[in-house]
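Okay, structure first, notes after.
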Amino acid sequence: MNPKTENSKYPDDITLLFLFLSFLKIGATSWGGFMALISVVQKELIENKKVIAEKVIFDGISIASVLPGPMAFNVVVYIGYYLRGIKGAIVSMLGILLPSFIFMLILSYIYIGYGELPALENFFKGVLPAIVAIIIAVGITMARKNINDYKQVIICILAISALLFIKSVFVTFIIIVGSGLLGYIIYHNTTVKIEEVNTTSNNSKNIKPLIYSIIGVVVFVALIWFSPYFLPSKTAGIVNVQKELIFTLSTISLTLFGGGYIIIPIMQEIIVSGLQWLSEKEFVDAIAMGQLTPGPIFISATFVGLKVGGIIGAITATLAIFIPPGLLMIVISEFFGQIRNSKFITAAFKGLRPAIIGMILAAGFTIGKGIPFSGFPLGVFSVVLVASLKYNVNVAYLIPFSGLAGLLYYNFFI
């Protein structure tokens, strides 16, 4: 498959099934949070399958960084929408969420049944240094291709420094906006305006399904809101629980900027202190289980839903925390598609790309500093870094084998 070009909106060989299976695989092998998932996307869709260009990921990260909700999930939504419109966005959402939802559901049932976390911690101890190596490898690969002069090197270093030393929930927003402005100031006289793409036919293909989807969501929300008044009391009680989950979790996800870890104190305040759906210990363990599953940390909402409303509640809570920001991402993506080739955007993105690369490299350091400085983690990190950079080994092999190595090492040699 060839990387998608601007003039071929939906290549015939990029099917909805292909998108679903690709993101299903990515969702099952992306432990470690936002940049880890982005790194797996880069390895799978750019280096291995070559279906998108790197600028698509840069564009997605740039938009997701200034929108609420789970950033990595929003980038996936952008890629799906970019390749196959609203249907592509939907199947990409489902593909990326399904593995982490299933993992979280299994862990939640075990936790509720036995009151303790399974022995996946040793698996995670093997996965973590591998994730750091993959993130660093992706950052190096992107830097080689996208950093072309000393000005971009400086922007990259500034982004790394900001992420490591500025302690603010708005640091990502500051980096994105600041690097975009720097890019425009530095490069607006040197960039050549790209010819505008004829998007007339694509607009109608995108906008109509988008409008229908928004109308469908509004109708669904209205039905959920008013249906308890017309249902038998027992059924109305079940619907009321789902309604509370939908409006509580969607409100949380639509008002949080800055990625997964920002959600933790807000969820704790609302769900533990306010609504008292979980105890303090249950909430902490839910976050821990979210760390032990691949995919975004927002998946901890699955445990909340299961505890409050059973299996239906688990599904409701998961959809409620991911779908609203995903829809917002689709709307903004459609608007962005109309201006992406302007001189302003072209110049701004020459500043944004090295900043995003800096964010990726800084994320590797941030995750890595929590790993013990000992022989086994260093060994896993070194092997995976070489395998990824020099031999381009697929992460679908690197992650599971690193986890199995962690299980064997910490169970039998420690």
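Observations on the model:
- P(r) weight above 20 Å for the stretch 16-130, C-alpha pairs, percent: 44 percent
- Separation of the alpha carbons by more than 31 angstrom is noted, of LYS55/LYS390; LYS43/LYS281; LYS50/LYS350; LYS125/LYS281; LYS55/LYS208; LYS49/LYS167, for LYS43/LYS281; LYS49/LYS167.
- Only Cα sites of the stretch 329-414 enter the Debye sum here, all with the same form factor; the resulting log10 I(q)/I(0) across q = 0.11, 0.18, 0.19, 0.23 1/Å is -0.55, -0.92, -0.97, -1.17, listed in q order.
- A simple packing score, the average count of other Cβ atoms within 10 Å per residue, orders the peptides 56-64, 40-48, 213-221, 75-83 as 75-83, 56-64, 40-48, 213-221, with the highest score first.
- Within-12-Å neighbourhood charge of SER108 [Cβ basis; K, R +1; D, E -1]: -1
- Comparing mean-square fluctuations of PHE365, PHE322, PHE335 from a GNM of the chain with C-alpha springs under 10 Å, the top value falls on PHE335.
- Span from the the stretch 34-70 Cα centroid across to the the stretch 368-397 one, whole angstrom: 21 Å
- Fraction of the pair-distance distribution of the stretch 129-190 above 14 Å, Cα-Cα pairs, percent: 66 percent
- Ranked packing of 228-241, 374-387, most packed first, by mean Cβ within 10 Å: 374-387, 228-241
- The phi-based Karplus calculation (6.51 cos²θ - 1.76 cosθ + 1.60; θ = phi - 60°) puts the 3J(HN,Hα) values of the stretch 70-75 at x, 5, 5, 4, 5, 5 Hz, whole numbers, x for Gly and Pro.
- Between LYS167 and THR255, the simple spin-label model (points 7 angstrom out along Cα→Cβ) gives 2.5 nm.
- Calculation over all alpha carbon pairs of the chain in 20 angstrom steps from 0 returns a P(r) of 26, 58, 16, 0 percent.
- Each helix, a run of at least 4 DSSP H residues, gives -39500 (n - 2.57); summed and divided by the residues of the chain, these come to -25000 deg cm²/dmol at 222 nm.
- Diffusion coefficient, µm² s⁻¹, Stokes-Einstein with Kirkwood Rh over alpha-carbon pairs of the stretch 70-159 at 37 °C and 0.692 mPa s: 197 µm²/s
- Listed from fewest to most Cβ neighbours within 10 Å, the set TRP31, TRP225 follows the order TRP225, TRP31.
- Peptides 278-287, 347-356, 136-145 ranked from most to least packed give 347-356, 136-145, 278-287, packing being the mean of other C-beta atoms within 10 angstrom over each peptide's residues.
- Note, ³J(HN,Hα) from phi for the stretch 403-411, Karplus 6.51, -1.76, 1.60, rounded to Hz, x at Gly and Pro: x, 5, 4, x, 4, 5, 5, 7, 8
- Under the simplified labelling scheme, the PHE247-VAL221 pair shows an inter-label distance of 1.1 nm, with each label point 7 Å from Cα along Cα→Cβ.
- Taking every C-alpha pair closer than 8 Å and separated by at least 6 residues, the mean separation divided by the residue count of the chain gives a relative contact order of 33 percent.
Read the figures in this text as sums done on the coordinates, not as results from a lab. It should be emphasised that the depicted structure is a prediction, and the values quoted were computed from it without experimental measurement. We place every Cβ from the backbone using ideal geometry, glycine too, and count neighbours over all the protein chains shown.
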